[in-house]
Every structure is written in structure tokens, then in C-alpha cells.
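Let me begin by presenting the structure, written as C-alpha cells, before commenting on it.
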Amino acid sequence: MRQIEIFEIPSPCIGVCTSGPKGFCEGCFRSREERLHWLSIDDNTRKQINDASMRRKKAYLKRQQAKTKTVVEDTQQNLF
């Protein structure tokens, strides 16, 4: 028996419930529909949503890191 069949899949909610510019929650990176229907969907679908949320979060953090790197590089170039 797989673990997913034994334990309920927890919500990725961290209590930061604000929609970002693309419509995803800025805390858990779920769409409005994914948040709205969380309590009525099966564990397999919840796992898929959690996986998608993690991919969205990683992509967001990667974009933020690239922006920060660009700002630092620009600042360093202006100093010298």
C-alpha cells in the first residue's frame, strides 16, 4: 500500500492568502480554483496540485533570484 492511500494530503497553505499578478496565491502558489475546491477533491488530485504548486514556487523563486542578481551586478558596475 502506498503512503498516499494511508495519509491525507495536507494543504500547502501557509496563511498568506493574497493573489499575485498571475492569479496564484502568493503563499501556497495554488490557483483560486485549486484553493476553492481543496476540501472536495480526492488525495490524488491534491498531490497533483501540491506538485504543481511546488513547481510554481520554484519558478517564482528562480525569477526572483535572477532579478536580484541583475540588480547586484548593475549596482557593482555603477560603483566602479
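Where a number appears in this text, it was derived from the coordinates with a stated rule and is not lab data. This structure is a prediction, so every number in the text was calculated from the model and none was measured. Using ideal geometry, Cβ is built from the backbone for each residue, glycine included, and neighbour counts are taken over all protein chains shown.
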Computed FRET efficiency, Cβ-Cβ of residue 32 and residue 59, R0 22 Å: what is it to the nearest 0.05? 0.75
Value in Å of the Kirkwood radius, where region 14-79 supplies the Cα pairs that are averaged: 13.6
